[in-house]
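Asker: Would you mind keeping the following structure in view while I ask a few things?
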Amino acid sequence: MRENRDVSPTRQSSPARTAAARTTSGPARRTRPPAVDPACAEAVDLARTAAEETARPAPVGEHLGLRAEGDRVVTHYFEALDPAYTGWRWAVTVTRAARAKIVTVSECVLLPGDDALLAPQWVPWLERLRPGDLGPGDLLPTAPDDVRLAPGYAQVDESVEREAQWELGLGRVRVLSREGRDEAAARWYDGVAGPRAPIAASAPAQCSTCGFYVSLAGDLRQMFGVCANEYAPDDGRVVSADHGCGAHSEAVNLPAASEHNPPVIDELGYDVVPSAGEDAEPLDDEALGHS
């Protein structure tokens, strides 16, 4: 008898072995779907009553089926007839205790069906933010690990002037990284200040040949500059070197004057206006049209 107890299943599944198995293989998973409890499956009227009380005053449609959620736990589905929830369904979960005959309602919720109209998937505010959304007084915090920024002392290239790039205690804590600079360059070049803008297609020449074009510093000076023409639509903005507009400094050809007929003089009627001589009386404000 002692030997049988030593090899029994109870002795084989020790707590230490069970804990080790959970640690290595995770929580135990059910190998088969739960069986439908007959008492819970027959509680259709109980589930309908719970759905009608929750949906009141909207009616509840026909029974759409059921699903076993676990041991002695069944969910009944009913059609939602509310016009605001087309394609949705009421899900009423019923259960009973072990060795009990009374079935009770666990919860009643409204769930979307396959044809239900759903709201767009929630997106974090940082991913919803777009250029131009930041208004006066708004703050846009930058994450400490933002890939667009890098420590100032780590982004000093040999080909760039090092003055004012990093001064101990006075320089900027972070500056643009290569990735951040490349993203900005691609965004500017593909935007309204790039070569494919409608205004650039009809420009007389490129911005790189304009006297109002001020090149940027660093590596960005190879492709971008700032417009300094107050009459240009891009005044004070970053433009690409192959951008352009009608306010180019070398656009010296004036448009031809429009041809028109000689002025028509009306000689049928005239008004006598006294001359402004020495003997003439000065006209008052009312005669001149001033009130």
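The values are calculated or read from the model by the stated rules, or taken from the named source; none is laboratory data. Worth saying up front: this structure is predicted, and the values here are computed from it rather than measured. Cβ coordinates were reconstructed from backbone atoms using ideal geometry, including for glycine residues, and neighbour counts include every protein chain displayed. Protein only, heavy atoms only, side chains kept; ligands, DNA and RNA dropped before computing areas. Shrake-Rupley method; radii C 1.70, N 1.55, O 1.52, S 1.80 Å.
Asker: Go through region 81-103 and count every residue that is surrounded by 10 or more Cβ atoms within 10 Å (Cβ to Cβ) and free of Cβ contacts under 8 Å to residues at least 12 places away in the same chain.
Answerer: Number of matching residues: 1.
Asker: Determine whether region 21-40 contains at least one residue that is basic (K, R), at pLDDT 90 or above and within 25 Å of S106 (Cα to Cα).
Answerer: Checked region 21-40: no residue is basic (K, R), at pLDDT 90 or above and within 25 Å of S106 (Cα to Cα).
Asker: Could you tell me how many of the residues in region 112-160 are in a helix (DSSP H, G or I), at pLDDT below 75 and either open to solvent by less than 80 Å² (accessible area, probe 1.4 Å) or of a type in the set (K, R) (or both)?
Answerer: Qualifying residue count for the region: 2.
Asker: Looking only at region 51-60, decide whether some residue is closer than 30 Å to D182 by Cα, open to solvent by 80 Å² or more (accessible area, probe 1.4 Å) and basic (K, R).
Answerer: No, that holds for no residue.
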